[in-house]
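Below is one structure, written out as structure tokens, with a few remarks after it.
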Number of protein chains: 2
Amino acid sequence: MKRASPADELVFLPLGGAGEIGMNLNAYGYGPPDARTWIIVDIGVTFGREEQTPGVDLILPDPAYLEDERDNILGIVLTHAHEDHIGALAWLWPKLRAPVYATPFTAALVREKLREQNLLDKVPLTVLPLKGKLALGPFDIEYITLTHSIPEPNGLAIRTPLGLVWHTGDWKIDPDPLIGELTDEASLRAMADEGVLAMVCDSTNVFVEGTSGSEADVREKLTKVIAGCTGRVAVTAFASNVARVESALLAARATGRTPCLVGRSMLRIHGAAQSVGLLKDAPPVIMEEEAAGLDPEKVLFLCTGSQGEPRAALSRIARGEHRHISLRAGDTVVFSSRVIPGNEAAIHGLYNAFIEKGVGLITADDHPVHVSGHPARDELRQMYRWARPRIAVPVHGEQRHIHEHVRLARELQVPETIAPKNGDLIRLAPGPAAVIDEVPAGRLYVDGAVIVETEGEAIRDRKRLGAEGSVHAALALNGKNAIVAGPHLTVRGLSCVDEEDFDIAVSELERTAEAAFAKLNHGERSDDEAVEASLVRALRKAAERVWKKRPLVDVSVLRL
Amino acid sequence: MKRASPADELVFLPLGGAGEIGMNLNAYGYGPPDARTWIIVDIGVTFGREEQTPGVDLILPDPAYLEDERDNILGIVLTHAHEDHIGALAWLWPKLRAPVYATPFTAALVREKLREQNLLDKVPLTVLPLKGKLALGPFDIEYITLTHSIPEPNGLAIRTPLGLVWHTGDWKIDPDPLIGELTDEASLRAMADEGVLAMVCDSTNVFVEGTSGSEADVREKLTKVIAGCTGRVAVTAFASNVARVESALLAARATGRTPCLVGRSMLRIHGAAQSVGLLKDAPPVIMEEEAAGLDPEKVLFLCTGSQGEPRAALSRIARGEHRHISLRAGDTVVFSSRVIPGNEAAIHGLYNAFIEKGVGLITADDHPVHVSGHPARDELRQMYRWARPRIAVPVHGEQRHIHEHVRLARELQVPETIAPKNGDLIRLAPGPAAVIDEVPAGRLYVDGAVIVETEGEAIRDRKRLGAEGSVHAALALNGKNAIVAGPHLTVRGLSCVDEEDFDIAVSELERTAEAAFAKLNHGERSDDEAVEASLVRALRKAAERVWKKRPLVDVSVLRL
């Protein structure tokens, strides 16, 4: 590690996660303002809501600022394998091209993503052991083992000549996490004794009093509730919570049921977990096809789809559209999961569908069959007691979480606090922490084959098309500017009372187009551009009159 | 009231509200199965979520079954003026054409709606007094005063030769509702002494223990929290809760602030309330334009938009886009409202926007500044004690509410319960309650100028256009089936990396269209239909290859 020169600064730049729970992308810069070197910590996605941005499944943080700094990025360091921390890697790596570092389980899932994007041979991926260390230029990085809701959750102690940053990643304090070690309190205390300049910390559950609870409690409860079920039982949980998956598998064994995995990501994570030596004590699982023949009382389905995702296993089962699995009156669904804000309506839709069939529901509302993976307030307090940072930098939250976390840190007497927004360039040292610049920050959409800006023309057009429909007119003109064929109208997405009404409307548009053309021709401007502009204007007006809608209008002028 | 003949039946038919909280439409039928006469109780809307059905603001219950029974409908009886109980009247009345009955405040708001749809002169609207009575064929209807979150909430005691149905409408037990009388316990007890055959009852808050609380408590608290505010204060509440509006106006006066109404529905309801003699003791209000000049400490804005509706006043203020009102650090917004399920993300977005500006928030999460208008479990228990029905028929809820309400009614020893779905034709008498038929039930969309079915072609096309974009090809053919102009391609809503890429893609589609046409021409089938079908097929494939999208593809063939 080099020594600090008088001009050196240590800066923190969140480009995702400071203003939302998902889509984490953090950068740390070191050096004089005109020649910083960077590391990136995590590079995740958030999921498009089909309703808000139709046709867009994945949303990425916009790394434009770091793209310009590409030559100075020393590495992309991953804390854990949740999609909001690794999901953008394969999409954004071509823009950043830095080596990648991760622990074994995370690396196994990253490799799959790279393979899907044909990047496996291009991306240098270094697998670090738990508690491993990594020196990247001025950054000496130590992985510290925490507990969370996925195997191998790590915080990073990032040592620099200007001080140590404790980047928590996602964490909780689980006294019995079932998979993986306990929170490495000794390392945290040792780190704190060195002096922690800044703690960049998870804010997800800052509004939750008390503690988050333990996976061990869930395991016990899950077994108990399933033992009380007759008929078929389906459990839904986040596939990435391998301890939870193991709990469901063990509960199946304990209650005389054979576990059956349902849904692609359940199979994917189950495989990744086995590949790093996890799930050794769990019973073997069967596939859907095999489960069909079993006595209802002898099977337990472990399903994806706890958030009501319409294409996931559980929604298809609820709609009665699943190929191999159907649930009936007397069967039970256990939601070993939470309701992610924004998914309430979809999840309640699932509940309603099952209730209508007479299928019983067991949810975290009434039974302790789920615990969060993020720290509640007592755990946050404990972490501040351990780390004793000079500066509190809350991330991984909407603005309301971040500001509440700032209030909590002040209560806990942390000397400095800062509430970051994405794109805030924050100087952590030297001097008091301060936002010294704002850089471009935003979102990108994965739209079909390409990555585009959220306000790109195609997306804007699709929103308009989706709400207002489209009108297209084609006409052929000869050399004398006379119509020789058309106008031919194509109308899409505009509602009429019936066929007849629709035909009348289309005829009216045809007459409108003809009239607009005639008027234009008299005025003797009839280049393509003028014809198009005039017809578009006239057709827009007509559509608004006929349909009370403002469709996208296009005109094709064919010249003979 | 006629006597029952041996063939007569009393039936209940929910077409909205039995499966959702909004969109209530209930019908009661009396007579032999082949010759029933009907009354309709309430006829409301639900609101389209812009994201789910773009371009659709209003969703109506489908009254198809009742449309066929139009000649036998004796009246449309309205319980109260909430949109989910009266909002569909002006849209569906032309299909039903029955006389309408309402109490004065409800009638005032109904009149406005009829005026907007040019129906005021056509719809026979009878204004009944509170506690009024109404005889419609075999139905003797008595309005019974309840309490809720809008002036003039009424339940209906519907007497028939086969028994009395107690239709609660929306209600709570507010010991001090501020506007209007207390729950008319005496009438309820008297009704119960006659014997109640069935109670058709609000299920909204069946998952909430205890009681809903009183408007009077909110009034006191609202004054207290506003007294503690410096700077500007904005309060948001449902405009239709006139008692709440009055509370905000009185709190303004008590804290030395002039109240200013912001948002169209605030003005509309304020006017309607005054027109029936309400709000007499409230201070006068000023308009936005006048408020701009006032000292920040001397004004209180009462705003629409508590649900985060993007076009409502509060969202525009949060985005800094409101013409007259802006809020800054040190100002306060009081959310005197609840979070309607499904609106979480929008409302949290509002919170975040204000927090980022440094505007303080006071919400029902931390302060008792809101009470629900619907009965919690203790109030439901009280109503069952009062009414002592033989049959419990829960409505006004999703399936999960309705089934929970059935469980509660059983606990309370109600002899019969039934969990209805929209479209269930339920025989209440004679004999045990039972679903004897299922009739068509569904939703209609107000789409621009017309009312359409939810799965209509236009709506389906718009969903596809919104997610996948569109491709249109136009070409002109001469008599010999040779292309004389085009193909001209119009591509909308499909993302490319840049302009150049887009041009390459369009050229590829042009070549695809030419090739498809050439192939077809060799095969000597070249009528318009064949040309269209072949080009559509080829262009779809090409688009999927280029964009990984499945756009709507149309082809215009112009013939010379």
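The values are calculated or read from the model by the stated rules, or taken from the named source; none is laboratory data. Because the structure is a prediction, the values reported are computed rather than measured. Glycine gets a Cβ as well: all are built from the backbone with ideal geometry, and neighbour counts include every protein chain shown.
Among the conditions (1) more than 12 Å from every other protein chain (Cβ to nearest Cβ); (2) closer than 23 Å to residue B:294 by Cα, residue B:382 misses just one, which is (2).
Somewhere in the stretch A:506-513, is a residue facing another protein chain (nearest Cβ under 9 Å) and charged (D, E, K, R)?
Looking through the stretch A:506-513, none of the residues is facing another protein chain (nearest Cβ under 9 Å) and charged (D, E, K, R).
Annotation note: of B:147, B:79, B:160, B:168, the sole residue that is more than 30 Å from residue B:431 (Cβ to Cβ) and polar (S, T, N, Q) is B:147.
Among the conditions (1) within 28 Å of residue A:226 (Cα to Cα); (2) over 27 Å from the mean Cα position of the chain (by Cα); (3) more than 11 Å from chain B (Cβ to nearest Cβ), residue A:373 misses just one, which is (2).
On the basis of being basic (Lys, Arg) and either surrounded by 20 or more Cβ atoms within 10 Å (Cβ to Cβ) or farther than 17 Å from residue A:400 by Cα (or both), does residue B:388 make the cut?
Details: basic (Lys, Arg): yes; either surrounded by 20 or more Cβ atoms within 10 Å (Cβ to Cβ) or farther than 17 Å from residue A:400 by Cα (or both): yes.
Spelling it out, residue B:388 is indeed basic (Lys, Arg) and either surrounded by 20 or more Cβ atoms within 10 Å (Cβ to Cβ) or farther than 17 Å from residue A:400 by Cα (or both).
Each residue in the stretch B:128-166 was checked for being of a type in the set (D, E, K, R), in contact (Cβ under 8 Å) with a residue 60 or more places away in the chain and in contact with a helix residue (DSSP H, G or I) (Cβ under 9 Å, 6 or more places away or on another chain), and 2 of them qualify. I'd like to know if the stretch A:322-333 contains one or more residues that are within 14 Å of chain B (Cβ to nearest Cβ) and touching a residue at least 60 places away in the same chain (Cβ under 8 Å). The answer is yes; a qualifying residue exists. Meeting the requirement of 2 or more residues that are within 19 Å of the chain's Cα centre (by Cα), the strands (runs of 3 or more DSSP E) wholly within the stretch B:32-144 are B:37-43, B:56-61, B:73-77. If I filter the stretch A:422-480 down to residues being acidic (Asp, Glu) and in a strand (DSSP E or B), which single residue comes out as modelled with the lowest pLDDT? Filtering the stretch A:422-480 for residues that are acidic (Asp, Glu) and in a strand (DSSP E or B), the one modelled with the lowest pLDDT comes out as A:453. Of the residues in the stretch A:186-200, at least one is in contact with a Ser or Thr (Cβ under 8 Å, 6 or more places away or on another chain) and either of a type in the set (Phe, Trp, Tyr) or crowded, with 24+ Cβ neighbours inside 10 Å (or both). When residue A:517 is tested against (1) within 12 Å of chain B (Cβ to nearest Cβ); (2) in a helix (DSSP H, G or I); (3) surrounded by 21 or more Cβ atoms within 10 Å (Cβ to Cβ); (4) of a type outside the set (D, E, K, R), just one condition goes unmet, and that condition is (1). Please verify whether residue B:248 is touching a helix residue (DSSP H, G or I) at 6+ places or on another chain (Cβ under 7 Å), farther than 18 Å from residue B:146 by Cβ, not in a helix (DSSP H, G or I) and not assigned by TED's automatic domain parsing to the domain that holds residue B:405, treating the condition exactly as stated. For residue B:248, the condition - touching a helix residue (DSSP H, G or I) at 6+ places or on another chain (Cβ under 7 Å), farther than 18 Å from residue B:146 by Cβ, not in a helix (DSSP H, G or I) and not assigned by TED's automatic domain parsing to the domain that holds residue B:405 - is not met. Across the stretch A:15-45, the number of residues qualifying as free of Cβ contacts under 8 Å to residues at least 40 places away in the same chain and either closer than 18 Å to residue A:453 by Cα or within 14 Å of chain B (Cβ to nearest Cβ) (or both) comes to 0. Return the total of residues in the stretch B:347-362 being of a type in the set (A, V, I, L, M) and more than 9 Å from chain A (Cβ to nearest Cβ). Result for the stretch B:347-362: 4. Filtering the stretch A:218-242 to residues that are surrounded by 18 or more Cβ atoms within 10 Å (Cβ to Cβ) and not in a helix (DSSP H, G or I) leaves A:229, A:232, A:233, A:234, A:235, A:236, A:237, A:238, A:239, A:240, A:241. Pairing each residue of the stretch B:343-354 that is closer than 13 Å to residue A:21 by Cβ with any residue that is part of a helix (DSSP H, G or I), provided the two are 6+ apart or on different chains, yields C-beta distances under 6 Å for B:344/A:344; B:352/A:399; B:352/A:400. Can you report the number of residues in the stretch A:529-544 which are within 12 Å of chain B (Cβ to nearest Cβ), within 18 Å of residue A:465 (Cα to Cα) and surrounded by fewer than 23 Cβ atoms within 10 Å (Cβ to Cβ)? The total comes to 2.
For the condition charged (D, E, K, R) and crowded, with 22+ Cβ neighbours inside 10 Å, what is the one hit in B:62, B:68? Criteria check complete, one pass: B:62. Residue B:460 meets all of the listed conditions (1) more than 8 Å from every other protein chain (Cβ to nearest Cβ); (2) over 30 Å from residue A:549 (Cα atoms) but one, namely (2). Among the residues of the stretch A:464-486, those identified as more than 8 Å from every other protein chain (Cβ to nearest Cβ) and surrounded by fewer than 24 Cβ atoms within 10 Å (Cβ to Cβ) are A:464, A:477, A:478, A:479, A:480, A:481, A:482, A:483. Residues in the stretch A:545-560 that are in contact with a Lys or Arg (Cβ under 9 Å, 6 or more places away or on another chain) and charged (D, E, K, R) were compared, and the one that is surrounded by the fewest Cβ atoms within 10 Å (Cβ to Cβ) is A:550.
Residues that are within 12 Å of another protein chain (Cβ to nearest Cβ) and part of a helix (DSSP H, G or I) within the stretch A:487-505 comprise A:499, A:501, A:502, A:505, listed in sequence order.
If the condition is being surrounded by 21 or more Cβ atoms within 10 Å (Cβ to Cβ) and more than 23 Å from the chain's Cα centre (by Cα), then the stretch B:262-278 contributes only B:278. Condition (residue is buried (at least 20 other Cβ atoms within 10 Å of the Cβ) and aromatic (Phe, Trp, Tyr)) applied to the stretch B:491-504: is it met by at least one residue? No: zero hits.
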